[in-house]
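The values are calculated or read from the model by the stated rules, or taken from the named source; none is laboratory data. These figures come from a predicted structure and were not determined experimentally. Note that each Cβ is placed from the backbone with ideal geometry, even for glycine, and that neighbours are counted across all protein chains shown. For the accessible areas, the whole protein counts, side chains as well, though only heavy atoms, and no ligand, DNA or RNA atoms are used. Shrake-Rupley method; radii C 1.70, N 1.55, O 1.52, S 1.80 Å.
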Amino acid sequence: MEPGSEARLIAWPDCISLPVDIQLGRSRTVRRAYGIDEIALVPGGRTVDPDVTDSSWSLGGINREIPIIASAMDGVVDVRMAVELSRLGAMGVLNLEGVQCRYDDPNPVLDRIAAVGKDAFVPLMQELYSTPVREDLIRSRIAEIKAQGGIAAVSATPVAALRFGKAIAEAGADLFFVQATVVSTEHVGPEGRQSLDLAALCRDMGVPVVIGNTVTYEVALELMRAGAAGVMVGIGPGAACTSRGVLGVGIPQATSVADCAAARDDYFQESGRYVPIVADGGIVTGGDICKCLACGADAVMIGSPIARAAEAPGRGFHWGMATPSPVLPRGTRIKVGTTGSLEKILRGPASLDDGTQNLLGCIRTSMGTLGARTLKDMQQVEVVVAPSLLTEGKVYQKAQQLGMGK
């Protein structure tokens, strides 16, 4: 053995465990980030029968069997869907700045959105959403959900939270989601304009406040310290979102979830308070859900898979929350079609082979295969980088547009 070779043998294992920095140019070193499609989950040394797995989780003191939240989008959740999602063991969030709280009867509006052509879509959305949000409708929609036994989880932007926070609490909302493309505890606004104090909102609201969205360890940690009951993770990966193209902002979802999960675990060690994180966006199949959970998420928020339910208000379409922006639209309308009932999508039995139905069955079967009896176990399974996971051996499926090749 040559002199010095012992040092090389000792150093090599240490080197491979370090983060890999990539030289983007002479003046910039960057970090590699990974999306959901680039990773795979590794079976362990045991398996568990799916029937004895426990997929339950809790948010703001509300326990749910299915770790799925339906997105606060007008094509996904209305009063009826919020009630039905609650009944089936999941949860839906009503967008208080959507058509449900602008119009007494939103159905003609939803019909127009579904019928308009591609070129006229954004101008129509800007027109329809120029009608003011009404406080009386906010109170009414929350009351309607609760009267039917549903979980009244509602969402608003920080600006609307300033304006309607009191009404939301007085109406008896169970959870309040404060959502924007990016939310942070430190916001610099124009002089004279009031900014939302997230810590004060969490402290004084009287309703658990879930805050998002973010993609970084540092901001997730600060939101938890501000009192958030949950943190939403994801910027731009949603099926109908164009923020990444318009703004160039975001981190691929697998990396962002893992980073924010680390913040959750560190905050728990720091405070003794556990704050769930919810992966929001870019999640289409049961496999996507399972990979987010393995990266550390406590639950996921999904839009397009739920918009495919027969009961969904979007008439087979799905569109982003920022689409109607009067100055910088950051969303589009996509046709998702209608594939079955909400119950079939969430609990099965599935009639499709692509992982878009019986999502609870996907989760439990994956947990069983990985030997994870609880979601906490699921968060500890081995994850590998696997860019070929979805294409390896799938030549015929892709050529014939079947299964994973659709």
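Listed residues ALA279, ALA297, ALA228, ALA254; which is under 14 Å from GLN379 (Cα atoms), without any contact (Cβ under 8 Å) to a residue 60 or more places away in the chain, in contact with a helix residue (DSSP H, G or I) (Cβ under 7 Å, 6 or more places away or on another chain) and open to solvent by less than 40 Å² (accessible area, probe 1.4 Å)? When all the criteria are applied, what remains is ALA279.
Checked against (1) open to solvent by 10 Å² or more (accessible area, probe 1.4 Å); (2) of a type in the set (A, V, I, L, M, F, W, C); (3) under 21 Å from the mean Cα position of the chain (by Cα), ALA171 meets all criteria but (3). Any residue at all in region 391-404 that's outside any loop (DSSP other than H, G, I, E, B) and at positive phi? Scanning region 391-404, I find at least one residue that is outside any loop (DSSP other than H, G, I, E, B) and at positive phi, so the answer is yes. Could you grab me the full set of residues in region 119-128 that are open to solvent by 30 Å² or more (accessible area, probe 1.4 Å) and within 26 Å of the chain's Cα centre (by Cα)? Within region 119-128, VAL122, GLN126 meet the criteria. Under the condition of being among the small types (Gly, Ala, Ser), touching a Phe, Trp or Tyr at 6+ places or on another chain (Cβ under 7 Å) and under 17 Å from THR157 (Cα atoms), the residues counted in region 72-107 number 1.
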